[in-house]
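S.K.: Okay, here's the structure, questions in a sec.
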Amino acid sequence: MLNEIEHVKCLIIGSGPAGYTAAIYAARADMKPVLYQGLQPGGQLTITTEVENYPGYPKGTQGPEMMEDFKAQAERFGTDVRYGYATSVDFSSLPHKVVVDENKTLTADTVIIATGASAKWLGLESEQKLNGYGVSACAVCDGFFFKGQDVAIVGAGDTAAEEATYLAKLCKKVYMIVRRDEMRASKAMQHRVENTANIEILWSHETKEILGTKTVEGVQVVNVKTGEERTLKVTGFFVAIGHKPNSDIFKGWLDMDETGYIKTIPGTSKTNVEGVFASGDVADKIYRQAVTAAGTGCMAALDAERYLSAKGIH
């Protein structure tokens, strides 16, 4: 099959809040953006049910519906939204080259990366089945729905410790499931967890099964040292074992931190390669919220527009 080549002024890779916001701004600036949705059109919000913390939705909304709203708004201004995902890139010369679905090459004056990050999961069937129905990978997003209830969280790093203490403010009881007999979290975070009365740490435990048919009703845990099992009566189960940024195809081209998050010049969305901008969770391991992703999507489009202007590309 012939590899067709198409040139675009602004190519956006990814379709979460960052990608679609970048598209809205780029389209309104007459940059004629082409957006490829990636393997998970709409990003992580499509596996979220209730979204109550995004401004402008006073009654809350469903994650998938919200992403459809974002998409419709991007298309309204002329964004060319396409199915497909970027499989390789070549940033060695201008214009940049991006291969989509392994068979179509695009050359682009500017590239906005909004490929997001994926939560790491335990790999249990019950975890996937109840994802969005009591199982969550974001305590800040979903903790509110478990006010006054008993919940469990699995993880031992700073994020898990932070999310456990966040949940402890809202929930009656928080079980923290830690696989080893120590935490990876910083000493300050460990002290915070240990000094929170309604957090119970289950050392040397791992999750065997999440119980419930339609929603979470409990969690079966096992002591890895003794083999003893117990069932925790909880209505929420939070996974905080880390996120993996979807940045593999940019390795070797873009500067990243040790875990693969793309580095940007502070206060901008600019990467170390001219004309390539990063936005959303692929470049943010701290906040990871829809609203912050949208904000950086806006920054990326404005940075790209200024870059084109300075280059005299109209």
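S.K.: Sorted from largest down, give the three principal axis spans of the alpha carbons of region 130-192, whole angstrom values.
M.R.: 31, 22, 17
S.K.: Expressed as a rounded percentage, what relative contact order does the chain have, with Cα pairs under 8 Å and six or more residues apart?
M.R.: Details: 722 pairs, mean separation 64.4, N = 314.
Relative CO of the chain lands at 21 percent.
S.K.: Which of the trypsin sites (Lys or Arg not before Pro) across region 61-168 are loop residues per DSSP, with 11 or fewer other Cβ within 10 Å?
M.R.: Passing sites in region 61-168 are 147.
S.K.: Could you list the GluC sites (Glu not before Pro) in region 212-314 that lie in coil according to DSSP, counting only those with at most 10 other Cβ atoms within 10 Å of their Cβ?
M.R.: 228, 258
S.K.: Then there is this: Identify all lysines with a Cα-Cα distance to residue 104 below 21 Å; exclude those on the same chain that are fewer than 8 residues away in sequence.
M.R.: 9, 32, 251
S.K.: If the reach is capped at under 22 angstrom between alpha carbons, list the lysines near residue 59, excluding any in the same chain fewer than eight residues apart.
M.R.: The qualifying lysines are 71, 147.
S.K.: Given R₀ = 51 Å, what would the calculated FRET efficiency be for residue 195 paired with residue 73, taking r from the Cβ atoms and rounding to 0.05?
M.R.: Efficiency at R0 = 51 Å is approximately 0.65.
S.K.: Across region 121-239, how large is the tail of the calculated P(r) beyond 21 Å, expressed as a percent of all Cα pairs?
M.R.: Roughly 30 percent, rounded to a whole number.
S.K.: Sum -39500 (n - 2.57) across every DSSP H segment of at least 4 residues in the chain, then divide by the residue count to get the 222 nm mean residue ellipticity, nearest 500. Kindly include the intermediate steps, with their values, before the conclusion.
M.R.: Working: 7 runs with 78 residues, N = 314.
Helices in the chain give a 222 nm mean residue ellipticity of -7500 deg cm²/dmol.
S.K.: Identify which of 292, 213, 115 has the largest mean-square fluctuation in a Gaussian network model of the chain, with springs joining Cα atoms closer than 10 Å.
M.R.: Between 292, 213, 115, it is 213 that shows the largest mean-square fluctuation.
S.K.: In addition: Rg (Å, one decimal) plus Dmax (Å, integer) for the alpha carbons of region 176-255?
M.R.: Considering region 176-255 through its Cα atoms, Rg and Dmax are 16.6, 49 Å.
S.K.: Further question on the same structure: In whole percent, what relative contact order does region 121-239 give with Cα contacts below 8 Å and a gap of six or more residues? Kindly include the intermediate steps, with their values, before the conclusion.
M.R.: Details: 248 pairs, mean separation 36.9, N = 119.
Result for region 121-239 is 31 percent.
S.K.: What does the extension gain come out to for residue 230 and residue 149, with contour length at 0.36 nm per residue minus their alpha carbon separation?
M.R.: Values: separation 81, 0.36 × 81 = 29.16 nm, distance 1.89 nm.
Result for the pair: 27.3 nm of gain on full extension.
S.K.: Which of the helices in the chain meet the span-like rule: DSSP H, Cα axial reach of 27 Å or more, Kyte-Doolittle mean at least -0.5? Write down the numbers at each step before the final one.
M.R.: Details: long enough: 290-311 (31 Å, 0.41).
Span-like helices in the chain: 290-311.
S.K.: So which residue, out of 18, 278, 108, gets the largest mean-square fluctuation from a GNM of the chain using Cα contacts under 10 Å as springs?
M.R.: 108
S.K.: Determine, from the Cβ-Cβ distance of residue 311 and residue 105 and an R0 of 25 Å, the FRET efficiency 1/(1 + (r/R0)^6), rounded to the nearest 0.05.
M.R.: Using R0 = 25 Å, I get an efficiency of 0.70.
S.K.: Considering the Cα trace of the chain, what is its radius of gyration and what is Dmax, both in angstroms?
M.R.: Answer for the chain, Rg first and Dmax second: 21.3, 69 Å.
S.K.: So, one more: Pick from 21, 61, 271 the residue whose mean-square fluctuation is largest in a GNM of the chain, springs joining Cα atoms under 10 Å.
M.R.: 61
S.K.: Using the charge dipole of the chain (Lys, Arg: +1 at Cβ; Asp, Glu: -1 at Cβ; taken about the Cα centre), state which of 126, 63, 138 has its Cα farthest towards the positive end.
M.R.: Projecting each Cα onto the dipole axis, the largest value belongs to 138.
S.K.: Dividing the Cα convex hull volume of region 177-314 by residue count, how many Å³ per residue is that?
M.R.: 183
Quick note: the coordinates plus some simple rules give every number you see, no bench work behind them. For clarity, every value in this text was computed on a predicted model and none was experimentally measured. Virtual Cβ from ideal backbone geometry, glycine too; neighbours counted across all protein chains shown.
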